[in-house]
Structure formats: C-alpha cells, structure tokens
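Please read the structure below before turning to the comments.
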Ligand code: SAH
Ligand code: SF4
Ligand code: F3S
C-alpha cells in the first residue's frame, strides 16, 4: 500500500444511510492517501454510491457512468482512473453493471465497504472484475470502527441496517439484507468520538431505526437487548451532544418507551419522520404495511399527547397498483388529519423483483402524475402553514455554517427547518435563541434574541 496523495471523488445518491456510508468509505481510504476531490475530473478513484429505490434513481447511475467515460480516457495517461459502483444498485445488479458499463472497475455492496482497499488493489492488478456484494453487516461495522473525520456540527450515525418488513413496493429488504442492530457500546464509542470533534447533533439512522434492538452496554447484559428509547436516553448523557434525532421509523415498531422519550428527553428533537405511504386500508394491506390508517393516526395522537410541540413528517406513494380515486381520496383525508410539517411524496415506481411489480391493476403514469400534483399542492400548503406558524416564536437554532449573505449564518431549528440569521461567525457550532420573523416554504429567517448563547 502506498501513501502517495491520490484524489477521491464520491457521488452519493439516495438516503442518509448512503451519506453515512460515503463518509465511512472516505475514512477507510484516507490512510491510503486518498484525499476528497470536489469533481471527478482528474480523480484517481471515483465512487458512485447508488440508490435503487425508484427507477429514476437507478438509471441515474448509467448516465453518470456515461459522463465519466471521457474523463477516464483522459486520465489514462496519468495514472488512470478507477471507477467503483457502490450502494444499492451494486447490491441489486452486481456483475451486470460491469457487463452493461465496462468503464466500471469494481462493484461493492453496502455491507463490504471495509474491503474497499483490498478490492481497489485487486482492480489495479487485474483491471478486471472485482466484485463484493455479500451480506456481512457485523463485519462492516467492526472493521469500520476506526476514526471518523467530521465536518460540521451535525452527524449521521447508522445504528441499524436492513429490513424484514417486505413492503410489496420496496427493494430495501433485497439490497440491504435482514434487520440488524449495532451493539450499544460501539455506537456510544462512535458518538463520543464525534462529540470530541465538536459534533453537537446526531441523527441515528436505520431503515427501520425504531426496530433497534442492540446488544446492551457491557455491565448491563442482564437488561437484554436495548430498544431505541433506551439508546436515545443513553446518548443524551454524552457530554457535548445537545440534540438527538432518528430516522426512519415504521409505525409497527413504535413502542411506549420511545413515545415516552419524546416527553421526557429534552435533547430528543420534537420532529418525527413516520412514513405511512397511503391512507386507504385496502392499499395499506396490498402494500403489506401491516397497519391501518386508524392505527397510524392513533400513534400520531399519542405522540402529540406526549410532546404537544412535536411536528410530523412522512412519505407518501401515489398510484400503487389497484389505487382507485376513492383510495386516493383516503390518502388526502389522512394528510388533512395528520397535518404534516413536511412530507415526501412519490409516484409508485415498479421495481423488478418486488411483489408490487407483478400485481394486477398497475396505474397509468398520467393518473399517477395528476394524483401526485394534487397531493403535493396540499402538502406544500401544509408545509408553508407550519413554517409561518413559527413566526413570532423564539426557537433554539444550531448554527452550522456561514449563510449566503455576508454576516449571515445558516442554522437549523428543532424542526429541521433551515434558518437564516445575522449572527457573529463565533456562533457557528453553538445553539442560539432566534426570534423568527419571516417564513417561506423552505426556510425561516429571524434575529438573535439578545445575542446571548444558550444550551437549550
Ligand atoms: N424504511 C423507510 C423508507 C424506505 S425508502 C420506511 O419504511 O418508510 C424511502 C421512501 O421511498 C419510502 O418511504 C417510500 O415512500 C418511497 N419508496 C420506496 N419504494 C418505492 C417505490 N417502489 N416507488 C415509489 N416510492 C417508493
Ligand atoms: Fe422498504 Fe417497507 Fe422496509 Fe421501509 S419498511 S425499507 S418501505 S420494506
Ligand atoms: Fe436507496 Fe438503498 Fe437508501 S435503495 S433509499 S440508497 S437503502
């Protein structure tokens, strides 16, 4: 292994777990002399960390590979460019990728990033096939346990991977494997390391994060596996950590302890992402979500009773096979009842190998488009109303970086809203109280309340 300086460009698609994985790949490659580059031009190693969730996401990989080809040719004279495809497309399509796009040197699935140095060496030797897409998730985290380089004050920490739910539209159980939780000690060590580097906010990640059931910390073996509520309270004790979030949760895995944590753990932010996907019980059943619309609403009500200021976000799919106008109206009814602070919405995308793809009653693309537009109008109005409802309130804002205008800082409210404030640069990395004065769909603006800092 040489330690000469090399340039590494990683492009990340998809969810926060991929963002986390990209950071960990950077960490694994840093000791080999790879330094982050802003563009692929002239890079020694390019990694596309891909997403397979919808057809559009998966197709982006191939168009990006097309753009990389001339860059790779240019670089041939000066050391060459190694191109790796990582992530969920790598897992789903494996060696097919190298057949379809010979520009690719290696394919690595989400569970084997610790093997990257070995795979790169192999690709260099052979300039041929190097493929690793096995499921060995325990190994992954053991071997990635080393130092994390951090930028900024908010960090992702994967605590759970994989999914056993098998929603009939979704590829994740196939690309990320079975549900698995990291041991509490390992997570705590990682969060301590982040806090020591100035991180103030952690977002605990998992495809089914509230199904977390990690091995208890040493000395507490008698407890049996810990749930997410216990983990959150434990992380709240780590010095320097001021804010905790987690995503993504499944309604089936909501337990009393986690709901209680929203009531009694002030470091747990009052913003909760709980996807429901649809409002019709018939469609929920066909999706294999394993809950009804009423059960979802009941969870939201319990959360609001526990933490009255909690804001809810979600995910919705329109045009799942068999969805009638009446079913779609039920989705709109549910959205009106929940009143989301923000919500992602998607047209159903038929994914190869999932049960939904083979179902009767596939919906016309044009109908999906119309339904999506109606739903998004409603969701946008709710988001604007939520943001405007913050005007006049004083919110704690974690300042993350300079804003677009001189003298301005960019921060986040407890509800994950972007907030722009005139404030001194020394406040970056701190939480300040901000009086909210203006709101748009995507951001808030305000002024420092007295300019003092607080730990709230
Ligand atoms: N584990 C999370 C999210 C997984 S993927 C959960 O259970 O909610 C993120 C979102 O993508 C999903 O919530 C869903 O709304 C959307 N999605 C997943 N598969 C899809 C598909 N085939 N077509 C359209 N949207 C999809
Ligand atoms: Fe996909 Fe459903 Fe698992 Fe979420 S719970 S990752 S939507 S299968
Ligand atoms: Fe996409 Fe894989 Fe995440 S399919 S949404 S990158 S788990």
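Numerical summary
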{"item": "Theoretical gain in end-to-end length, residue 282 to residue 422 [0.36 nm per residue, Cα-Cα removed]", "result": "45.4 nm"}
{"item": "Efficiency of FRET from Cβ geometry, residue 41 and residue 315, R₀ 51 Å, rounded to 0.05", "result": "0.90"}
{"item": "Rounded Å value of the spacing that divides the Cα centres of segment 310-360 and segment 168-234", "result": "28"}
{"item": "Difference of contour (0.36 nm per residue) and Cα-Cα distance, residue 142 to residue 264", "result": "40.7 nm"}
{"item": "CD proxy at 222 nm, helix term only [per DSSP H run n ≥ 4: -39500 (n - 2.57); per residue of the chain; nearest 500]", "result": "-10500 deg cm²/dmol"}
{"item": "Relative packing of 97-108, 355-366, which averages over residues the other C-beta atoms within 10 Å, highest first", "result": "97-108, 355-366"}
{"item": "Label-point separation, residue 27 to residue 301 (7 Å along Cα→Cβ), nm", "result": "4.3"}
{"item": "Inter-label distance for residue 357 and residue 326, nm, one decimal - labels placed 7 Å from Cα along Cα-to-Cβ", "result": "3.1"}
{"item": "Packing-based ranking, highest mean first, of 214-223, 374-383 given that Cβ atoms within 10 Å are counted", "result": "374-383, 214-223"}
{"item": "Calculated FRET efficiency for the pair residue 99/residue 350, C-beta based, R₀ 22 Å, to 0.05", "result": "0.45"}
{"item": "FRET efficiency, 1/(1 + (r/R0)^6) with R0 35 Å, evaluated for residue 73 and residue 370 via beta carbons", "result": "0.20"}
{"item": "Rounded Å value of the spacing that divides the Cα centres of segment 60-131 and segment 239-287", "result": "37"}
{"item": "Prolate/oblate/rounded call for segment 6-136, Cα gyration tensor, a/c under 1.5 rounded", "result": "rounded"}
{"item": "For peptides 393-405, 64-76, sequence by mean Cβ density within 10 Å, most packed first", "result": "393-405, 64-76"}
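Every number in this text was worked out from the coordinates using simple rules, so none of it is lab data. Just so it is clear, the model here is predicted, and its values are computed rather than measured. In this analysis, Cβ positions are derived from the backbone assuming ideal geometry, glycine residues included, and neighbour counts consider all displayed protein chains.
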